[in-house]
There are 2 protein chains.
Amino acid sequence: MASTQRVLIAIIGVGGVGKCFLGQLQALAARRSAPQLDLFYISTSKKAIYNDDYSSIKIEDAAEVLAKSSKTPPPTEKLVEYLSSAPARVVLVDNTSSQDVAESYPLFLRRGVNIITPNKKAFSGSYDLWRDIFGAVATSGAKVFHESSVGAGLPVISTLKDLVETGDQVKRIEGVFSGTMSFLFNSFAPTEGSGGKWSDEVRKAKELGYTEPDPRDDLNGLDVARKLTILARLAGLEVASPTSFPVQSLIPKELESCESGQEFLDKLHHFDDQMEKTKKEAEAEGKVIRFVGSIDIPTKTVKVGLEKFDRGHPISSLKGSDNIISFYTERYGNNPLIIQGAGAGGEVTAMGVTSDLLKVLA
Amino acid sequence: MASTQRVLIAIIGVGGVGKCFLGQLQALAARRSAPQLDLFYISTSKKAIYNDDYSSIKIEDAAEVLAKSSKTPPPTEKLVEYLSSAPARVVLVDNTSSQDVAESYPLFLRRGVNIITPNKKAFSGSYDLWRDIFGAVATSGAKVFHESSVGAGLPVISTLKDLVETGDQVKRIEGVFSGTMSFLFNSFAPTEGSGGKWSDEVRKAKELGYTEPDPRDDLNGLDVARKLTILARLAGLEVASPTSFPVQSLIPKELESCESGQEFLDKLHHFDDQMEKTKKEAEAEGKVIRFVGSIDIPTKTVKVGLEKFDRGHPISSLKGSDNIISFYTERYGNNPLIIQGAGAGGEVTAMGVTSDLLKVLA
C-alpha cells in the first residue's frame, strides 16, 4: 500500500542539470521530515543503481557510485514495472534531453508514476505525444510538471497555467526565450554603442560557454521554436510540431552543409554583411534587432525570428543572457505581465525541477 | 468523514475583489468536475447566508441573495465550529481587509480549515500573529495561501517561496510595490518630459481612481511597508511590525492633522516645492525619483521611501500603475529575477486568490 509519509525519487540523467539537482535534492531531503524523500533509482543511458527491495540510495555520493556501477539500466517496460510497483508514491525526474525517454512518459504516467523534467522534447514533439501524456494524466491522476522546459527556473509555465486556469484570456505571448540569442544580440546590437561583428560575437559567445558545443544548434532557432510550441499548446493552440510555423534560422543557406561547428565558425565571417545590413536598417529607424518568439492567440500565429524594437522597449534593454517573457492578457490590459531573468544554467534549471518536486509534495 | 471529491468554499467579504472572485469561482466550478467546488457560506460584516446542513449556495446570485439576507454572521467561535464540522475539506476565503478577521486565522487553521486571502493584515501585523498562524499550519496540516497580499495576481509570493524552499540564498528584494505610487511617480517624474506639479498629479490619481478614497492612506507608505514586512518574513527576517523599520511618509508634517482627505488635497499645493526640489536634484544627476521598498537580507535592512534611479533602470521605465519586484539571489547572480505588471485591481487580485485555490485543489 502506498504510504503518504514517503516519496520515492527516481532520476534519469546526471549531466550538468542532473548534478545540480542532486545537490538541491540532498539539501531538501535534509530539511524536510514529512514526507521523507528517498532516492531509490538513478541512471544514465549506460549505467544504473537500484535495489530489488526499493531500499534507498545515499544522495550525496550517488553520482560517483553510479559512475562505478556495473549495472545497466533496465529496458523501459521493466523500468515501468519496477517504478510502478514501488511501496510509495514515485516521482521520476528526467534530467536528460533524450527523445526516447520523453516518448516513454505516457507508459509511466498511465501506471501512476509522476514525472518532473526540464526536457523539452515530450512537450514540443508531435501533438499525438502531447495528447498521450495529458490523456494518461487525466486517467491515472499522476502528475507531470516541466517548469524548466521554458525559461529554466523562471516561473513561466506556472504563470501561464495560472492565467489560463483562473479564466484569463491570454492574447499574446512574446519574448526572448534563448539565453544564447539574448547574449548574442545584446552584444551585437546594444542599445548604446555599436557592438562588434556578427561572426566575432558568435565566436565570443561560444568561447564563454553561452552556446551549444556546435553553435548552429542555437542559431537554427529550433530551441526557441520548441519553447514556443510548449507555451502555445498550454495557451490552447493545437500546434502540430516545432517545425509547423515560421522559424527564421540564422545559419546562412551556404553554410548549412558545413561538416563541423568549427568549419561553420571559420566561414561565418563571409556573411557578416547580411547581419550588419539588418542591424543598420533597424538603427535607421532608431531601433535594435532582437531574436524573439511570439504567439498571437486570436489569429493562431506562432513565429520565431528577428524583429525590430524601440530602444526603450523592455526586450531591447535586456542584459547579459537573460530571458524575458511578456504575457498580454484580458485582465492585464495594455501593460503585460513580465517575467525576466536568467533562463539557462545548471542551478536555475535544477531549481525549476526542485520547485516542481515541491508541488508534488504539497 | 471528509470526502476528497468535494471541496467546500466559505467566503467573507463581497467588495471589489470579492465580487470578481465570485465570478472566477463560478467559472472554475463550472469547468471542474473533480473535486466538485461548492460554496456553502458567504458573509459580509453584517449579513450572512449558510445552512445548518451545509447545503450549497448558488454562486451566480450569491451576492444579491446575501444583500437581501436577514441572517447575521455567527460570532467567530461559532463560525470556527461550523466550518470545521463540515463534511468535506473547507477553504475559507477572506476577501476583506479586516484586522479582526485576520486575527482569527489561527483559530480556523488549528481546526483544519484552509485559508486563502489577499488580506495583508495577518501577515504584516505582529510577529506573534505570524508565528501563531504558521504554528497552526505546522500542527494541523491546514494550508494558508496569500499570493495576492503582495503584487495582487503577480507571482511574487510563490516565486519567493520557491527560491527559499529550493535552497537559493535571497540577498536583496527591491521594487515598486504600490500601484498608486507607481502611477504618481511615472507621471510626476517621467523618464522623458518633465511631468506635472506634485499636488496636481495626486489630485489626478485620485480622480482616476488610482488612490484610496483618502489619498493619505497611500502616501503614508504603510501599504508598501506591510508588503515589505510579508516578503522580509518569508525571506527569513523576523520583522516585528510594519512600523519597526524606516518608512518615509509623503504626507508633509504640517498636513498630518488635516481632518479630511479633501482638506489635505486642498492644501497639498503649498508643499509642491519640496517634491519639486527632490525631483530636480535627481534630474541634475541624470536620474529620476521613485517610491520603492527594499529588503537587504545579509544586513537585515528593510526600508521604504524615495530613491533615485538611472533613467535606463527597469524601475525607472515602469509604465502606468505597474509594480516591479526584483529578486537578487545567489543563483541568479548580478541580473535579478524580475516580475512586473499590474499589482492592483479587482480581477488581477481575485486571480491570485483563485490561483491559490487551485493549489489547494491540486
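The values are calculated or read from the model by the stated rules, or taken from the named source; none is laboratory data. Because the structure is predicted, anything quoted here is derived from the model rather than measured. Heads up, the Cβs are rebuilt from the backbone with ideal geometry, glycines too, and the neighbour counts pull from every protein chain shown. In case anyone asks, the SASA skips ligands and DNA or RNA and just uses the protein heavy atoms, side chains included. Shrake-Rupley method; radii C 1.70, N 1.55, O 1.52, S 1.80 Å.
Tabulated data
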{"item": "Strands (runs of 3 or more DSSP E) lying entirely in region B:1-93 (those with 1 or more residues that are open to solvent by less than 30 Å² (accessible area, probe 1.4 Å), over 17 Å from B:L358 (Cβ atoms) and among the aromatic types (F, W, Y))", "result": "B:36-43"}
{"item": "Enumeration of residues in region B:152-172 that are touching a residue at least 40 places away in the same chain (Cβ under 8 Å), within 7 Å of chain A (Cβ to nearest Cβ) and not polar (S, T, N, Q)", "result": "B:L154, B:P155, B:D168"}
{"item": "Filter pass, B:I49 being touching a Leu at 6+ places or on another chain (Cβ under 7 Å), within 14 Å of chain A (Cβ to nearest Cβ) and farther than 18 Å from B:N114 by Cβ", "result": "no"}
{"item": "Residue satisfying condition, being at pLDDT below 95 and touching an Asp or Glu at 6+ places or on another chain (Cβ under 9 Å), within set B:A205, B:A189", "result": "B:A205"}
{"item": "Residue satisfying all of: in region A:275-316; touching a residue at least 60 places away in the same chain (Cβ under 8 Å) and polar (S, T, N, Q); nearest to the other protein chains (Cβ to nearest Cβ) among these", "result": "A:S316"}
{"item": "Matching residues, region A:202-226, being open to solvent by 10 Å² or more (accessible area, probe 1.4 Å) and not in a loop (DSSP other than H, G, I, E, B)", "result": "A:R203, A:K204, A:K206, A:E207, A:R216, A:D217, A:D218, A:L222, A:D223, A:R226"}
{"item": "A:G320 being facing chain B (nearest Cβ under 8 Å) and not basic (K, R)", "result": "yes"}
{"item": "Enumeration of residues in region A:103-147 that are in contact (Cβ under 8 Å) with a residue 24 or more places away in the chain and of a type in the set (K, R)", "result": "A:R110, A:R111, A:K120, A:K121, A:K143"}
{"item": "B:H269 at pLDDT below 95 and surrounded by fewer than 21 Cβ atoms within 10 Å (Cβ to Cβ)", "result": "no"}
{"item": "Residue among A:E347, A:E330 that is more than 26 Å from A:G195 (Cβ to Cβ), acidic (D, E) and within 7 Å of chain B (Cβ to nearest Cβ)", "result": "A:E347"}
{"item": "Matching option when the condition is at pLDDT 95 or above and within 14 Å of another protein chain (Cβ to nearest Cβ), among B:I59, B:I11", "result": "B:I59"}
{"item": "Residue match in region B:317-332 (condition: over 20 Å from B:A344 (Cβ atoms) and open to solvent by 80 Å² or more (accessible area, probe 1.4 Å))", "result": "yes"}
{"item": "Scope region A:102-120; condition in a helix (DSSP H, G or I), open to solvent by less than 10 Å² (accessible area, probe 1.4 Å) and over 19 Å from A:A225 (Cβ atoms); matching residues", "result": "A:Y105, A:P106, A:F108, A:L109"}
{"item": "Residue count, region A:14-46 (criterion: within 14 Å of another protein chain (Cβ to nearest Cβ), touching a Pro at 6+ places or on another chain (Cβ under 9 Å) and among the hydroxyl-bearing types (S, T, Y))", "result": "0"}
{"item": "Residue among B:D132, B:D168 that alone is charged (D, E, K, R), buried (at least 18 other Cβ atoms within 10 Å of the Cβ) and assigned by the TED database to the domain that holds B:K78", "result": "B:D132"}
{"item": "Failed item in (1) free of Cβ contacts under 8 Å to residues at least 12 places away in the same chain; (2) under 23 Å from A:G153 (Cα atoms), with A:S85 passing the rest", "result": "(2)"}
{"item": "Sole residue being under 18 Å from A:S182 (Cβ atoms) and either modelled with pLDDT under 95 or of a type in the set (F, W, Y) (or both), chosen from A:G320, A:G333, A:G341", "result": "A:G320"}
{"item": "Failed item in (1) part of a helix (DSSP H, G or I); (2) β-branched (V, I, T); (3) more than 17 Å from the chain's Cα centre (by Cα), with A:T229 passing the rest", "result": "(3)"}
